[in-house]
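Please treat every number below as a calculation from the coordinates, not as lab data. No experiment lies behind these values; they were computed from the predicted model shown. Because the Cβ atoms are built from the backbone with ideal geometry, glycine has one as well, and the counts that use them run over all protein chains shown.
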Amino acid sequence: MASFNLFSTITFPTRITNNSSTLIDNIYIDINNYKFSVYPLINGLSDHDAQIIELVNVYNTNPKIQYTLTRKIDYNSIRSFTEDLSYENWEEIFLDEDVDKIYNKFLDTYLKIFNANFPIVIRKKSKKSNQWITPRIRISCNNKHNLYVKYRNSRDPVHKAQYKNYCKILSSVIKAAKKMYFDSLIQKSTNKAKMTWNIVKLLLNNDTNNNKNTVNDNTNSQNIANALNSYFTSVADNIIHNSLKTV
C-alpha cells in the first residue's frame, strides 16, 4: 500500500468484544495530500463499528439534479388514446396484400397515435422516504442506539436484557406502523386491488412500475413490435382459456 502512497487512517479498535479489542477495519488514503479527521460510528448492527472519515480540503461541485424520462399516462390520456384509435380509418392499411407492409403501416399508425397521446416528459427524480416512520419511531430508534452503546461499554447482562427487550418492542411498533400506513393507502384508494398490488411490489422491491415507464421500453420499436406480436398471437388462446374457467 505504501508503494502507492496509501497509509492507514484508523488508530482505534473497530471490533470490541467481552474479551478483546481489535483493529480489523481500515481506511487507506494519501495522507500527505489530504487533511482528514476520522472517528468510529457505533451503529448497533454488527460487532464491527463503522468508520467515518472527513476530508477537509476536498471540494465537490453541486451534484447534478437527476432526471428521468417517462410517459405521461393518466385517465384522460388513455381515454383520448382509445378515442383516436376508434376514429382511425384502418381500411387503407389492409388494402395491401403484403403482410409485412400491412404490419409496418399498422405499427406506424399505432405509434403515431401512441406518441401523440402519451408524450415523453422529463421528471426530476424524487427521493423516496418511508412515510410510516413517525417522529416517535425516530426517537425510539435513537433510544435503542443509546441502549446499545450503554450495553457495549458496560457489558452488563442487565443492560443487555434491557436492550434486547427494547428491540423486540420497537420491532413490534414498526410493524404496526407499517400496517397502519399501508391500510390507510388502501382505504383511501379508489382502486383498492391495484393499490394492494402496488404495495406488494413495493415491499418486494419490484421495479416493474419504473421499468414500465422508462423511455427505452416505450420507444424501442423492436420491443413494441414484440409486445404487440405476443399479444395478438396469444389473445385467442387466453380468451378460450378464460372461457373454459367460467364454464
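Return the Rg/Rh ratio of the range 135-203 with Cα-based radii and a Kirkwood Rh.
1.22
Taking the Cβ of each residue in H145, H159 as the centre, tally the other Cβ atoms inside 10 Å and list the residues starting with the fewest.
So the residues, fewest neighbours to most, are H145, H159.
What is the Rg over Rh value, at two decimals, for the range 2-55, using alpha-carbon atoms and the Kirkwood definition of Rh?
1.03
Determine, for D74, D25, the number of other Cβ atoms within 10 Å of each Cβ, and report the residues in order from fewest to most.
D74, D25
Using a basic spin-label model with each label point 7 Å from the Cα along Cα→Cβ, how many nm lie between D183 and N104?
6.0 nm
So if I take the alpha carbon set of the range 88-181, get Rg, then get Rh from the Kirkwood formula, what is the Rg over Rh ratio?
When Rh is taken as the Kirkwood radius, the ratio is 1.58.
Could you give the spread of the C-alpha atoms of the range 1-109 along their three principal axes, from largest to smallest, in whole angstroms?
The principal-axis extents, from largest down, are 84, 36, 29 Å.
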